[in-house]
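The values are calculated or read from the model by the stated rules, or taken from the named source; none is laboratory data. What you see is a predicted model, and the numbers here were worked out from it, not measured in a lab. Here the Cβ positions follow ideal geometry from the backbone for every residue, glycine too, while neighbour counts run over all protein chains shown.
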Amino acid sequence: MAAGHYPVMLEEVVEALALADAGTTIVDATFGGGGHARRILEELGPEDRLVGIDRDPEAAERGRVLTGEDPRFVFRGGAYDEVLAEMAVEGERVDAILFDLGLSSYQIDEAGRGFSYVREGPLDMRMDPGRGVSAAEFLNGAEAPEISDVLVRFGDVPRGEARQVAREVVRRRPLGTTLELSEAVRAAVGWKERGGNPAKKVFQAVRVYVNDELDGLGRALEAAERLLLPGGRIVAITFHSGEDRMVKRFISERAGQCVCPPELPVCVCGARPILRKGAVRKPSEREIEENPRSASARLRSALRTQEPLGVDSPAGSS
């Protein structure tokens with residue numbers, strides 16, 4: 001594991017995945033720096049398999065290294081919603097799926113990727129630099145109302161501030177670097193004593209938009225539901241409110257009105273849920289102290305029941 005890379009809630013992930021009972025095939029849908037994958041492999045048996053997925057070319061390089069080190073690990077490059085859907089079409093079935101959403105430390109710390117609002121780099125922000133529209137292309141081509149809407153929807157930026165930032169971005173165009181965008185935000189709304197650097201939410205919003213993160217997450221969760229075997233688990237670590245609301249809603253819609261205690265292996269109350277909610281967990285105070293980037297993380301999990309996906313279920317049309 002590279003210095004500076006901190007896989008968030010590592011032991012909590014292992015516990016939520018219930019690896020001692022899982023076996024066979026586990027999916028790490030967001031391989032990133034590989035920290036979770038390496039820890040998962042420590043818990044798997046010699047005949048078990050871990051599939052890592054990532055669309056970032058640099059993560060793919062790390063995945064290829066791990067493939068050479070451990071024959072139980074298989075790497076599949078691509079956006080996780082697309083790869084999970086491909087696996088479902090191929091007839092794969094798996095025992096657990098992990099989503100560690102957001103950015104890896106590698107992406108944040110490498111200025112050349114364009115994700116950092118405090119280090120100068122090209123205004124890119126794409127997870128896969130060879131695919132899609134960059135942040136610069138979006139910000140330099142969109143009208144102010146569209147930019148404002150993106151900031152509100154994907155970054156929880158207050159609407160008034162979003163309009164101010166959008167107007168300042170348009171006034172300063174063309175923008176080419178991350179610090180140029182940061183300076184535009186600072187000029188538009190100043191610096192707040194509470195809440196930290198206002199550029200943080202703006203960068204988050206633009207990144208989520210250019211990478212189609214929320215729609216992609218929705219498609220990935222639906223594919224994951226089709227992949228999971230009865231008794232399998234979905235585990236998701238979220239870092240901002242938009243993705244957390246999406247994961248929470250996805251699980252809640254499929255949990256029905258089940259009121260059984262989480263420790264029961266099956267639903268006995270007659271609700272016929274497709275998923276059963278697990279406890280929501282947060283990083284420990286010690287972890288937040290060691291890795292401040294983990295502070296906003298939330299871990300949600302769900303158990304796939306024996307109930308078949310039917311025409312009346314949320315995923316019944318898939």
Can you give me the number of residues within segment 159-182 that are of a type in the set (Asp, Glu) and over 16 Å from Asp124 (Cα atoms)? 2
If you take the residues of segment 1-47 that are in contact with a strand residue (DSSP E or B) (Cβ under 7 Å, 6 or more places away or on another chain) and on the phi > 0 side of the Ramachandran plot, which of them is modelled with the lowest pLDDT? Gly23
So the check is Cβ under 6 Å with 6+ separation or different chains; which pairs have a first residue in segment 52-76 that's touching a residue at least 24 places away in the same chain (Cβ under 8 Å) and a second one that's basic (Lys, Arg)? Ile53/Arg76; Arg72/Arg49
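Would you mention how many residues in segment 277-301 are in contact (Cβ under 8 Å) with a residue 40 or more places away in the chain and more than 18 Å from Leu221 (Cα to Cα)? Don't jump to the end; show me each part of the working.
So in segment 277-301, the residues in contact (Cβ under 8 Å) with a residue 40 or more places away in the chain come out as 278, 281, 283, 287, 290-291, 293-294, 296-301.
Keeping just the survivors that are more than 18 Å from Leu221 (Cα to Cα) gives 281, 283, 287, 290-291, 293-294, 296-297.
Number of matching residues: 9.
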Within segment 185-235, of all residues that are over 15 Å from the mean Cα position of the chain (by Cα) and aromatic (Phe, Trp, Tyr), the one surrounded by the most Cβ atoms within 10 Å (Cβ to Cβ) is Phe203
Would you mention how many residues in segment 80-98 are under 10 Å from Thr25 (Cβ atoms) and assigned to a strand (DSSP E or B)? 4
Can you pull out every residue in segment 253-291 that is modelled with pLDDT of 90 or more and surrounded by fewer than 17 Cβ atoms within 10 Å (Cβ to Cβ)? Glu253, Ala279, Val280, Lys282, Ser284, Glu285, Arg286, Ile288, Glu289, Glu290
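Considering segment 219-264 alone, what residues qualify as being outside any helix (DSSP H, G or I) and in contact with a Pro (Cβ under 7 Å, 6 or more places away or on another chain)?
Keep residues of segment 219-264 that are outside any helix (DSSP H, G or I), which gives 228-240, 256-264.
Residues satisfying the conditions are Gly256, Cys258.
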What are the pairs with Cβ atoms under 7 angstrom where one residue, in segment 145-159, is more than 17 Å from Arg186 (Cβ to Cβ) and the other, located anywhere, is surrounded by 15 or more Cβ atoms within 10 Å (Cβ to Cβ) and of a type in the set (Ser, Thr, Tyr)? Sequence gap at least six, or different chains. Val150/Tyr209; Phe154/Tyr209
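Test of understanding: among Arg119, Arg126, Arg93, which residue is over 30 Å from Gln306 (Cβ atoms), of a type in the set (Lys, Arg) and modelled with pLDDT of 90 or more? If you could, list the steps in order and put the result at the bottom.
On the way: Arg119 fails: modelled with pLDDT of 90 or more; Arg93 fails: over 30 Å from Gln306 (Cβ atoms).
Only one candidate passes the filter, namely Arg126.
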